[in-house]
Amino acid sequence: MPWPATDEDGFGPEDVIRITGVSAETFARVEGYLELLAEWRERINLIGPGEGRHLWRRHVLDSLQLLEYISEADKSVADLGSGAGFPGLVIACAMAERPGASVTLVEKSPRKSEFLRAVAKELGLPVSVLTIRLEDYPGTRFDVVTARALAPLPKLLGYANDWLKPSGKALLMKGRDTAAELAEAREDWTFDLSTLDSLSSPEGRVLKVSSLRSRRV
């Protein structure tokens, strides 16, 4: 079953391109990914049946907005809890144009991992998929870690600390009300923080975290 041409409020592909400025090549890869997602969701539970009503804003734009905070010097990205591929596969669609860049998708579900690998192979994306729990990280560290709707911030920072290079940054997608989570997180962690308004939702925030250190060390 194909996706609607636009969201129910009329927001669509042209709006995504206008806001993000991504290249035609990047957007063609994103569209290829969405086509595969439409095919595979008939077989496995990748995305809810009602998500097509706001696919372009809530999922595509929401993912692509992170590119603004991933510099040309950031060669390695790890997306934790990748699920159906938002934001990790969408980011990879753009980073395919950056020589030497790579995106690692971390997903514990074997079936979802199978889908992620199939998309990466079909579209020729610079992607590797790790079918492991986040606690079982392989010892490789990354320039950037991304996560969306994964865990409360104190726990999420613990994951990020294991996967990030000391000089790296985490881009964590949260709702508007993060004050309580931040207060709790600062009990165990020190970090530099920029709280950025989401382009996709007035309720959303992107937390850019760097210089992450445990207070317990």
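The values are calculated or read from the model by the stated rules, or taken from the named source; none is laboratory data. The model shown is predicted, which means the values in this text are computed figures rather than measured ones. Neighbour counts are summed over all protein chains in view; Cβ atoms, including those assigned to glycine, are modelled from backbone coordinates with ideal geometry.
Go through the stretch 52-70 residue by residue and tally those that are assigned to a helix (DSSP H, G or I), of a type in the set (A, V, I, L, M, F, W, C), touching a residue at least 60 places away in the same chain (Cβ under 8 Å) and more than 15 Å from Pro202 (Cα to Cα).
Of the residues in the stretch 52-70, 1 are assigned to a helix (DSSP H, G or I), of a type in the set (A, V, I, L, M, F, W, C), touching a residue at least 60 places away in the same chain (Cβ under 8 Å) and more than 15 Å from Pro202 (Cα to Cα).
Looking at (1) assigned to a strand (DSSP E or B); (2) at pLDDT 95 or above; (3) closer than 26 Å to Ala96 by Cα, find the lone condition where Leu196 falls short.
Every condition holds for Leu196 apart from (2).
So, of the residues in the stretch 161-217 that are of a type in the set (Lys, Arg) and under 15 Å from Arg141 (Cβ atoms), which turns out to be surrounded by the most Cβ atoms within 10 Å (Cβ to Cβ)?
Lys169
Would you pick out the residues in the stretch 130-148 that are touching a Gly at 6+ places or on another chain (Cβ under 9 Å) and either closer than 18 Å to Leu116 by Cα or part of a strand (DSSP E or B) (or both)?
Residues satisfying the conditions are Leu134, Phe142, Asp143, Val144, Val145, Thr146, Ala147, Arg148.
Show the residue pairs that are 6+ apart or on different chains and have beta-carbon atoms under 9 Å apart, the first residue being within the stretch 201-215 and on the phi > 0 side of the Ramachandran plot, the second being part of a strand (DSSP E or B).
As it stands, the answer is Ser211/Pro166; Ser211/Ser167; Ser211/Lys169; Ser211/Thr190; Ser211/Phe191; Ser211/Asp192, since those pairs meet every condition given.
Can you find a residue that is at pLDDT 95 or above and within 23 Å of Lys165 (Cα to Cα) anywhere in the stretch 44-63?
yes
Look through the stretch 79-116, keep the residues that are polar (S, T, N, Q) and closer than 15 Å to Thr131 by Cβ, and return whichever of them is surrounded by the most Cβ atoms within 10 Å (Cβ to Cβ).
Restricting to residues being polar (S, T, N, Q) and closer than 15 Å to Thr131 by Cβ, the top hit is Ser82.
Exactly one of these conditions fails for Gly100: (1) under 30 Å from Pro202 (Cα atoms); (2) at pLDDT 95 or above; (3) outside any helix (DSSP H, G or I); (4) small (Gly, Ala, Ser). Give me its number.
It fails just one condition, (1).
Just a yes or no: is a residue in the stretch 109-127 touching a Lys or Arg at 6+ places or on another chain (Cβ under 7 Å) and either of a type in the set (Lys, Arg) or closer than 28 Å to Asp197 by Cα (or both)?
No.
Among the residues of the stretch 11-25, is any assigned to a loop (DSSP other than H, G, I, E, B), at pLDDT 95 or above, over 17 Å from the mean Cα position of the chain (by Cα) and surrounded by 19 or more Cβ atoms within 10 Å (Cβ to Cβ)? Walk me through it before giving the result.
Going residue by residue through the stretch 11-25, those that are assigned to a loop (DSSP other than H, G, I, E, B) are 11-12, 21-23.
Narrowing the set further to residues that are at pLDDT 95 or above leaves 11-12, 21-23.
Going one step further and asking which of them are over 17 Å from the mean Cα position of the chain (by Cα), we end up with 11-12, 21, 23.
Among the residues that remain, those that are also surrounded by 19 or more Cβ atoms within 10 Å (Cβ to Cβ) are: 11.
There is at least one residue in the stretch 11-25 that is assigned to a loop (DSSP other than H, G, I, E, B), at pLDDT 95 or above, over 17 Å from the mean Cα position of the chain (by Cα) and surrounded by 19 or more Cβ atoms within 10 Å (Cβ to Cβ).
Lys165 - would you say it is outside any helix (DSSP H, G or I), under 17 Å from the mean Cα position of the chain (by Cα) and of a type in the set (D, E, K, R)?
no
Within the stretch 1-51, can you find the residues that are small (Gly, Ala, Ser), farther than 22 Å from Lys108 by Cα and in contact (Cβ under 8 Å) with a residue 24 or more places away in the chain?
Gly12, Ser23, Gly32
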